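Remarks on the structure that follows.
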Amino acid sequence: MNQLNSIILEGNLVRQAELSEPAKGFKVCKFPLAVNRFCKNQKGESFEEVSFFDVEAYGKMAEICEKNGLKGRGIRVVGRLKQNRWKDSEGKSQSKIFIVAEHVEYRPNLQKDEAQTVAGDDKLGDDDDSSRRNSQQAEERDSTEEKTEEPAEAENVVF
């Protein structure tokens, strides 16, 4: 019986995803993912904890990740942990743990004006206020003559 080895991470790409082909027909895309955690210490002071993870995708998913993997873009990765082990030139055992992506979702790329609107919307937390705000925004959108594009839906990559 297989043991459970599953991980879900949401964060932002630290840099552009890099595609390589180590063997003919075998594509690998590597990218680092930054995951933020906000918490409070014993004194009640808020602080941010950032963790960095190396992620790899293979085959067709690697090509798609390279295309969509722009620095700073929000991403959700569902995958598994993998450990590589080797001996260095001095004979010492070395290892590295990374994530193998099995499912990847990209957050929509927002235009600058849309990102500011979304950031402003986060300030209201009450559901009634949120519903009221959404209906007001819809009325404003309908009343303007110039049409604006809505942000694209999150792109899902499943293999």
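With r defined as the distance between the Cβ atoms of F47 and V14 and R0 fixed at 25 Å, what FRET efficiency is calculated, to the nearest 0.05? Don't skip to the answer; put the middle values down first.
Details: r = 20 Å, r/R0 = 0.81.
Computed FRET efficiency for F47 and V14 comes out at 0.80.
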Subtracting the Cα-Cα distance of S93 and F38 from 0.36 nm times their residue separation yields 16.3 nm
Row for region 35-80, column shape: gyration tensor on C-alpha, a ≥ b ≥ c, rounded if a/c < 1.5 i.e. under 1.5, prolate if a/b over b/c, else oblate; value prolate
Shape descriptors of region 1-107 over alpha-carbon atoms, Rg and Dmax in angstrom, are 16.2, 56
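No value in this document is a laboratory result; all are computed from the given coordinates. Bear in mind that the values here come from a model prediction, so they are computed numbers and not experimental data. Ideal geometry is used to build each Cβ from the backbone, glycine not excepted, and the neighbour counts take in all protein chains shown.
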